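The values are calculated or read from the model by the stated rules, or taken from the named source; none is laboratory data. The model shown is predicted, which means the values in this text are computed figures rather than measured ones. For neighbour counting, all protein chains shown are included, and Cβ atoms are generated from backbone atoms with ideal geometry for every residue, glycine included.
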Amino acid sequence: MKRLVVLLTVTCMLVFGMAMMASSGDMPSTDAGEFWTYITQTNPYQKWGKWPGYPGIYPGKSPHGAYLKLFANAPALKALKEGKPMPEGAIVIKENYGKDQKTLMAITPMYKVNGYNLEGGDWFWGKYGKDGTIMASGKPKGCIKCHAVKKDSDWLFTEPK
Ligand code: HEC
């Protein structure tokens, strides 16, 4: 009996430890290359949930793609569903498609890092080609200037629905 208790305790600790490691501590830095590896290999964004109310491909506005898909990681989804501000570690990723709805033109993520850049909503902004080519990253003036009109909604245009 004693042995069973010890075994159970050890198993619990192992499972708990692994859950802790999976849930935190493995967030990427704001290095554009490291971030790309994270969203495509460590924690592939295509397996994340979709933005509430936008389950599939939908028409976008200029300057983004003619059609868009919008993904959010677990912390971002939780905040969206609860109507709370985006927490540290939240990632929102938009795929930008051409008019044929098939050609992936660019991938534009936003990644919340507290203290990173208050003048840009503390978001790390990125623009990548589908092969990971970095087209913009960090604190691009273009992204920030346009999204600044949405300062009051965490620099986000799309509202969950
Ligand atoms: C001229 C304005 C403008 C610029 C520049 C711009 N965006 Fe956007 N962005 C928008 C609009 C408008 C939307 C809403 C979706 C749509 O209809 O296209 C949007 C949506 C997004 C979204 C989905 C979340 C949301 O806010 O709705 C992400 C992520 C995003 N943009 C990232 C970027 C990044 C990264 C850059 C720079 C590389 C950038 N944007 C530059 C206007 C802009």
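Assorted remarks:
- The condition (being without any contact (Cβ under 8 Å) to a residue 24 or more places away in the chain, outside any helix (DSSP H, G or I), closer than 21 Å to PRO28 by Cβ and small (Gly, Ala, Ser)) is satisfied by just one residue among GLY89, GLY115, GLY126, GLY56: GLY115.
Here is a yes/no grid of residues against (1) of a type outside the set (S, T, N, Q); (2) touching a strand residue (DSSP E or B) at 6+ places or on another chain (Cβ under 6 Å); (3) surrounded by fewer than 16 Cβ atoms within 10 Å (Cβ to Cβ):
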position	(1), (2), (3)
ALA72	yes, yes, no
LYS81	yes, no, yes
GLY120	yes, no, no
GLY126	yes, yes, no
ALA136	yes, yes, no
SER153	no, no, yes
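- Filter pass, ALA148 being among the aliphatic types (A, V, I, L, M), surrounded by 12 or more Cβ atoms within 10 Å (Cβ to Cβ), assigned to a strand (DSSP E or B) and near the ligand (Cβ under 10 Å from one of its atoms): no
- Candidate set: the range 125-145, residues that are among the hydrophobic types (A, V, I, L, M, F, W, C) and near the ligand (Cβ under 9 Å from one of its atoms); chosen: the one nearest to LYS50 (Cα to Cα): TRP125
- Some residue of the range 34-41 being modelled with pLDDT of 95 or more and assigned to a loop (DSSP other than H, G, I, E, B): no
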